[in-house]
Structures are given as structure tokens and as C-alpha cells.
Amino acid sequence: MPFKKKPRRRLSALSVIMALVLVFYSTQVFSLQVSNADIYIAQAQGISYRKAVIKAQRGEIIDCNGREIAVNREGYNIVFNKAYFDMKKANDVILRLTKLLSSKDTDWADSLPLEKTAPYGFTDNEAAVASLRKNLGLAHYATAVHCLAEMTERYELEAYDEATRRIIMGVRYTLEAYDFSVSNPFTFAEDVSSELMQTILESGVILSGVTINVVPFREYVDGTLAPHLIGTVGPIYADEWSKYKGKGYSFDDKVGKSGIEALAEDDLHGTDGEITYKIDAKGNILSREITKQPIAGKTVVLNLDKKIQLATQKSLADTITDLKEKGGEVTGGAAVMMDVRTGGIIASANFPSYNLATYSEDFNKLLSNPNNPLNDRAFQGIYPPGSTVKPAIAVAALENGKLKPDEHIYCSHTYYKYPDYTPSCMGYHRSITLKTALSKSCNYFFFEMGYRLGLDNINKYFKLFGLGTKTGVDIHDSSGLLVEDTTYGVGGNTLQAAIGQMNAFTPLQLAVYVSTMANEGVRYKASLIDRVVSYDMSKTYSETKPQVLEKFTITESVIKAVKEGMLSVTEDGTGSAVFKKYPIQIGGKTGTSQVTDAADHSVFVGFAPYDKPEIAIAIVLEHGKKRAANVAKPMLDAYFFADEVTVDTTLPNTVLP
């Protein structure tokens, strides 16, 4: 009986196999006729599909009121895609493209350090020439002729004339230098016209691995607006690639190189999308479909107020230019405005400066300019603060019992407490109190305060006010210079420190200092970024909360006495010529800091309104003839009377000659 069941099992197995075969073929027929009919019909008609990257919009940078600073516009890049690029046809494709771009007066990528016209000698970029010899495996003494011969053979260019060889090898060498691969597409030309884009897509060259990427290009609404803070974007360099590759970047992405653009790179960078082109046998585009939506980067909202920033830049530039035209030695300056309640930086201006829109082409000229317009003087320039530190010295003396608010000190011009160091005051002020000493900026009075306090106490209070320490600002800043040597020349150092010499601080530090004075001992971390939101601003991802870095006690009677002295400065003292009739009361302090073998720097710090402070200001003019306070008035106008102020953004010069 068991043997009789065997044929049935075989028959059953055969039936199952036949059924599976029938199902398979039925599925294939269904696929051909129904499910994938469009695909197979398209193939039969010579239709193909090509995918291109849609670069995600970079997040925008806007001011505290939503005014645009750094935005995007759509453009087109010609890109070689290694997955479809036939290197055997590379020379002909490159030649065809370069002829087309030449006819449209459009540049393409060519990093070969050989001149583009006969006799094709080396360029003056010695580092690039050394790399060329190394990459070609030639000796360090190889000539341009040797390099041309090697590349002619390497890239199989023997059939072309000399001029054409140079064109093709320029691109071929650049391809190699940029590590052209499936994972590293090569951007052949950037920001081409829409007309050129359409011509290339319809030419059939796209079928050889040449694609058009829809790319957002960074644009600055006003390239002169706070360029040192906003920063720049640029290509990913070879030594940076490992860092960005792991974050999902493409080799041809642009990334932040400085300023906010670099600081907020992780937020500003988006996620690329994809567009699929349907192309017929003749290379005509039949349709376009976005098959993967790009995700835009986040928007960064600054504490900066665009209108006040422009007014600050204009005032600073006008004042310096006027001084220069009148024969002054002024070489530059900086101005900062802060919100005393949060530490937010409302404005930060430098002069001379530059334009982000022309930064690349101007770079060499900017770099060689003796007045150094690339330097962020506001955050990194350090200057003796002069008499602007006298309010801090006054707080230290009063809090340590070294001075009484109504105490009189007799100014006899020359100070004799140290036999080996006898400095003099700028005047003969006779018997005066603190209020007059601040108002008239009496050096003798503060020599005595320095003598009574000693350098250690002076430095202690300077640090409490944020002088000689980092401000905590989001991007680059200098910690300044604080002399702490109590063994060598202690007498001279102490007296000089008490009147704002010896030490050197940044304009930003001075703004933090006067803000702390206005806050009666509360020092906030300086900040540029207010919050980070979605591209459409519908969602908030992070907010910068005010952060207290220091909080120390200033007795009510002490702060009252010092602030009254600072009010006297602007109403009947050294700053009254600028502020006496101003409709809002201002607490301030002027300063003149001595510089060896050059004209003095001019410095001003202040806060306003006097009775309920909102903002702090610090201004430094290099060799500025006591004109720093003049810069402040248009800044104050732009803040307090914004609706009544029209800012003329035309600068007399962005770079001093």
C-alpha cells in the first residue's frame, strides 16, 4: 500500500509546480500589460527618466523685527553625475559644454594652475603648482611643458589642438582634484542662466551624466549690513569633508565659513530634495516631477535691529570720514548698542568695513588694506578705555570705604604720592566731589582713588563689570588685556589703570560694562541670536534666554552717586556739547586714551533712559579727536524715535584709502 501512494505524491508536486509557473507568468503578463505598462511603453518609445538634486533652501537670517538680512534665490548649477557619466566620452562632453558656455559668456570650473592662453605657463599660485606636479607624479622641477605633455597623455588629448587640450584638461584635472565619484558629484558651472539651463536639458547632453540641479543661492539684502557678524558661506574644503560627510552633506554644498552663517550652520542647513525629468528619445523634457520634497533650513532671528544697525554704521562712517577730510589721523572705529535688560546686541558697527555681495572679488584688496577692514573692531579690537572706566573706579572706592559720596578731594594738577612717578591732571580742578570729578573727568581725583584702592581691588571690580573677560557672545570676541602685575612698577600701573590706561578692552566689553552699571551690578551674557524658528516661522525650536554671568551688590547710595555723576557728564560736563538738549536723559562718560606716537583714541560709553535704562552704548574712534560721543546721537535717535527717523544707508566709503 505505501508504494501505491508515491505516484500520487509526484503528481501533486508536479501540479503545484505547474500552478506556480502559471502564477509567475500571469504576474509578468499583468505587470507588462497593467502595473508597469507605462514604464515599458516609455522604454519602447525611447523615453527615459533622470533624477536631479533640488538643493534645500538654506535657512534665512532676519533681524529682531523680521526684516530680511540673508535670504535665498533660486538658481541652476550644471553638475556631472558619476553614476551616469561615461568617462570614455568625457572629453567630447566637456568640449561640447565649454563651447556652449563660452557662447553665453559663462565661466566653468577650472582649478588647473596653468594660464588659459598660450604659451600656458604656470600661474603665480605656487602651492597649487606644487600640488599639480605631485598629482601628476612629476619632479618638483617639472616645467609647465612637462605638465601639459603628461596631461595630454593621461587624458588622451592627442587628437585635439593645443587650445582645446588646455580647455579639456582644465576640467579633467579639476574633476580629479575634487574627487569626482558617485558620492561626490562635480559642479561644473554655478548659477547659470535659465536659458542656458533649458538648452542643456534639451540638448541630450544630460543623457551622458550631465544634470541640472536647482540650487538656492545665498543673497544678502544689503551686503554692507554688519558683514563681520553675518559672515560668509563657501564650499566644503577637502580637509573639512570628513566632518560634513557624516552629517549628510553633499561635496558641492555651501557651508557657513564665518559669523552667524558658521555659528548657526546646523540650523541653517536643510535637507535636499529630488526632481525627476521625463525625457524622450531626442532629449526633450516631457515633464518634471518633484519626487522628494526638500526640507528648508531653519530661520535664525537675531537681536540685531536692522534700522538701528544701519543708523549706527552711517553715523560711524560719517564721523570718521569728516575727521579724515579735516586732516585727522583717524584710521577706524567701532560702535555697539546693547539691551541692558537681556544682553542682546542691537547693533554692532565697524569702519572701515566691506560688502558681503562683493566679498570674494574684493578679498585680496581687503586683505592688503593697511586699515584692515576685515577686522571686527567691535568684538576683537582692543583699546585703552581712557576715562570711561572712572565710574567703575568710583564704585570700587565707595563700596570699599575708600571714598564717601560727598567727600572733597583737592586737585592740584600734579600727583606726588609716588616719588618715582608724578603724573598730572588735564586741569586744576581744586576742591571737588565725585560728581564733579566724573563730570569734568579729573585725573587727579582718580589717581587718588587708584592709590587708595590698589591694583588688586581695581582689577577685581573691572572683572565684575566684565572688563578683561569674555563677554560670552555667540561668535568671536577678544578677552582684552588686563594688567595684573603687582610687583613691577606697581605705582605707575595702579594710577594709570585708574584713569583707563595700561589696560585694553573691546568696544563690546565696554558696552557690557556700562550695561552692568545701568543694571546696578547685574551682568548679562552678550548674545546675537534671539531665537531659531522654522523656515516659515510657524514653529520655535529654541530661544536665547537672558543669562546672568555676574551679580554683585552695589549699595543704593553708591549707584545713585555714580549715576548722578554720569548724568552730569552729558548735561554740563565733557559730553554736554552733544547731549545737553537731547530730549531723553543719558548717563554717560567720555574718554581719551593715549597712544604712543599717535593721536589719542576717543571713547564714549552711556546708557539711556537715565531713570529706567533700556540700552547701553560704547563707541571707540581710533585717533578720533574727542568725537566718539557724536556717533551716539543718531544711534539714540534710531532707537527712541524710530518712526520719525529715515536712515540714509549711503556710506561715504566702506574702506578708507
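The values are calculated or read from the model by the stated rules, or taken from the named source; none is laboratory data. Here the structure is a predicted model, which is why all the values come from computation and not from measurement. Backbone-built Cβ (ideal geometry, glycine too); neighbour counts: all protein chains shown. Keep in mind that these areas ignore ligands, DNA and RNA; they rest on the heavy atoms of the full protein, side chains included. Shrake-Rupley method; radii C 1.70, N 1.55, O 1.52, S 1.80 Å.
Classify the range 173-234: rounded, prolate or oblate, from the alpha-carbon gyration tensor (a ≥ b ≥ c, eigenvalue square roots; a/c under 1.5 rounded; otherwise prolate if a/b is larger than b/c)?
oblate
Obtain the nm distance between the two label points defined at Lys625 and Asn364 by a simple spin-label model: each point lies 7 Å from its Cα along the Cα-to-C-beta direction.
With each label placed 7 Å out from Cα toward Cβ, I get 3.6 nm.
Kindly provide the trypsin sites (Lys or Arg not before Pro) of the range 226-322 that DSSP labels as loop, not H, G, I, E or B, and whose Cβ sees at most 11 other Cβ atoms within 10 Å.
Sparse-neighbourhood loop trypsin sites (Lys or Arg not before Pro): Lys247, Lys282.
List the lysines whose Cα lies under 25 Å from the Cα of Lys134, skipping any in the same chain that are fewer than 8 positions away.
Lys82, Lys88, Lys116
I'd like the carbon and sulfur percentage of the solvent accessible area for the range 425-491, probe radius 1.4 Å, heavy atoms only, ligands and nucleic acids excluded.
50 percent
Projected area of the range 296-400, taken from the Cα convex hull and averaged over every viewing direction, in nm²?
10.6 nm²
At a threshold of 8 angstrom on Cα-Cα distance, excluding pairs fewer than six apart, so keeping six or more, what relative contact order does the chain reach in percent?
Relative contact order for the chain comes out at 15 percent.
Mean separation of Cα pairs under 8 Å and 6+ residues apart, divided by the residue count of the range 179-289: what relative contact order is that in percent?
RCO, the range 179-289: 28 percent.
Name the long-range amide H neighbours of Tyr383: under 5 Å, sequence gap of 5 or more, or other chain; modelled H, no Pro or chain starts.
Hits under the 5 Å cutoff: Phe505, Thr506.
Roughly how many percent of the accessible protein surface of the range 547-636 is carbon and sulfur, given a 1.4 Å probe and a whole-percent answer?
46 percent
State the label only: which of (1) 47.6; (2) 41.8; (3) 45.8 corresponds to mean projected area of the Cα convex hull in nm² computed from the shown model?
Checking each listed value against the structure points to (1).
Please give the length that would be gained between Tyr428 and Lys99 if that part of the chain were fully extended, namely 0.36 nm times their separation in residues minus their C-alpha to C-alpha distance (nm, one decimal).
Roughly 110.4 nm would be gained on extension.
Sort Asp474, Asp63 by accessible area with a 1.4 Å probe, largest first.
If we order Asp474, Asp63 from most to least accessible, we get Asp474, Asp63.
Excluding ligands, DNA and RNA, what is the solvent-accessible area per residue of the chain at a probe of 1.4 Å, expressed in Å²?
Per-residue value: 47 Å².
Would the range 43-166 count as rounded, prolate or oblate if I go by the C-alpha gyration tensor, calling it rounded below 1.5 in a/c and otherwise prolate when a/b exceeds b/c, oblate otherwise?
Verdict is oblate for the range 43-166.
Quick one: check the C-alpha center-to-center distance for the range 300-354 versus the range 573-587, whole angstrom.
20 Å
Which FRET efficiency value, to the nearest 0.05, is calculated for Ala163 and Lys580 with the Förster distance at 60 angstrom and r the Cβ-Cβ distance?
After rounding, the FRET efficiency stands at 0.25.
How large, in percent, is the carbon and sulfur part of the accessible surface of the range 118-269 at a probe radius of 1.4 Å?
50 percent
I need the shape label for the range 309-359. Rule: rounded when a/c is under 1.5, else prolate if a/b > b/c, else oblate, with a, b, c from the alpha carbon gyration tensor.
Oblate shape, in that a/c is at least 1.5 and b/c is the bigger or equal ratio.
Which trypsin sites (Lys or Arg not before Pro) does the range 504-603 hold that lie in a coil by DSSP with at most 15 other beta carbons within 10 Å?
Qualifying residues, ordered by number: Lys539, Lys580, Lys581.
Out of every Cα pair in the range 498-657, what percent are spaced more than 28 Å from each other?
That tail contains 32 percent of the Cα-Cα pairs.
Lys551: which lysines have alpha carbons under 17 Å from its alpha carbon, excluding same-chain residues fewer than 8 sequence positions away?
Lys460, Lys463, Lys470, Lys525
Taking the Cβ-Cβ separation of Asp86 and Lys612 as r and a Förster radius of 56 Å, what is the calculated FRET efficiency to the nearest 0.05?
Efficiency computed from Cβ-Cβ geometry: 0.15.
Compute the relative contact order of the range 549-650 as a whole-number percentage, counting only Cα pairs closer than 8 Å that sit 6 or more residues apart in sequence.
It rounds to 18 percent for the range 549-650.
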